[in-house]
Amino acid sequence: MNDGQPQFALREWRTHMAHPVTLAALIGVGLILGLAGPFGTDTRLRFAPRVVYWLVTVALTYGVGAFCDLALRGLLSKRQVWLRVLITALVSGIGVALVVTAINFVAFGWIPTLESLPGFLGPVIAIAAIVTAVLTMIRQQNAPQVAPQTAPAPAQILKRLPIDKRGPLVALSVEDHYVRIQTTKGEALVLMRLSDAINEVGDTLGAQVHRSHWAAFDQVRAATRLGDRATLTMTNGNDIPVSRANVPTVKEAGLLP
């Protein structure tokens, strides 16, 4: 990450805040609170200023909390869940408290005194902790389940080769009743059908690109289009023709435009 976690978090935060669902949710919550007028705002502010007050409060406090969560998520990714929730709640709670203080000072000229500060910060940090914990649980439940990685099945056809020629498969080519098995370490002729040879390539990524040839896609060094056909130049220097019917297969593999 060249520009650091804060810059990455800022870009992700901008994308999230500009998302239509986020904007609709913030506006909806702001309007509901503006209509309800909690915390005495129904008596201290008229309807229009009250709606504006809550729209601004909801947008700014959510924005601060969301940025703190995104900025700390990468930094605390290796910490225990309870510690991540605690630190994020404290940081975002303090940030939200500062924003609320600034808004209340502009709207009402009110700043909490030292005596009232614990009673002011306590609920804000508690709410931040609850929101952070809920968001953390939602992310964990929605996180994609990564299946344990298993080693790719070995190409059984390699057992037909001398040990010194066993390596990653490059291509299979028919020659009379034989199949020329090409690897990164050499090649050899084996008496068998191409279809049987293809059945023994295991999980090697490739395809039959011609009635007489199979090619491993990760061993293609270059691909050249020749009319409605193509040619694959393999890492061992050999060229493998691609028939017209198999050009789409090579395209899907990303080897041809």
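Can you find even one residue in region 129-151 that is at pLDDT 70 or above and either more than 21 Å from the chain's Cα centre (by Cα) or not in a helix (DSSP H, G or I) (or both)? Before you say what the answer is, go through the steps one by one.
From region 129-151, those at pLDDT 70 or above are 130; that's our starting set.
Within this subset, residues satisfying the condition of being either more than 21 Å from the chain's Cα centre (by Cα) or not in a helix (DSSP H, G or I) (or both) are 130.
Looking through region 129-151, at least one residue is at pLDDT 70 or above and either more than 21 Å from the chain's Cα centre (by Cα) or not in a helix (DSSP H, G or I) (or both).
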Applying the selection to region 38-80, what residues are free of Cβ contacts under 8 Å to residues at least 24 places away in the same chain, outside any helix (DSSP H, G or I) and within 23 Å of Phe105 (Cα to Cα)? Pro38, Phe39, Gly40, Arg46
For the structure I just gave you, tell me whether Gly202 is more than 22 Å from Arg160 (Cα to Cα) and part of a loop (DSSP other than H, G, I, E, B). no
May I ask you to verify whether Phe47 is among the aromatic types (Phe, Trp, Tyr) and touching a helix residue (DSSP H, G or I) at 6+ places or on another chain (Cβ under 9 Å)? yes
Which residue pairs have Cβ atoms under 8 Å apart, sit 6 or more places apart or on different chains, and have a first residue in region 242-257 that is surrounded by 15 or more Cβ atoms within 10 Å (Cβ to Cβ) and a second that is among the hydroxyl-bearing types (Ser, Thr, Tyr)? Val242/Thr231
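Within region 242-257, can you find the residues that are within 30 Å of the chain's Cα centre (by Cα) and in a loop (DSSP other than H, G, I, E, B)?
Quick first cut of region 242-257, residues within 30 Å of the chain's Cα centre (by Cα) only: 248-257.
Within region 242-257, Ala253, Gly254, Leu255, Leu256, Pro257 qualify.
Quickly run through region 177-199 and pick out the residues that are assigned to a strand (DSSP E or B) and without any contact (Cβ under 8 Å) to a residue 12 or more places away in the chain. Before the answer, list the steps.
Applying the first criterion (assigned to a strand (DSSP E or B)) to region 177-199 yields 178-183, 186-191.
The answer is Arg180, and nothing else.
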Restricted to region 215-241 and to residues being loosely packed, with under 15 Cβ neighbours inside 10 Å and part of a loop (DSSP other than H, G, I, E, B), the residue modelled with the lowest pLDDT is Gly227
Name the residues in region 197-214 that are closer than 12 Å to Ser173 by Cα and loosely packed, with under 13 Cβ neighbours inside 10 Å, would you? Arg211
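The values are calculated or read from the model by the stated rules, or taken from the named source; none is laboratory data. Here the structure is a predicted model, which is why all the values come from computation and not from measurement. All Cβ positions, glycine included, derive from the backbone under ideal geometry; neighbour counts span all protein chains shown.
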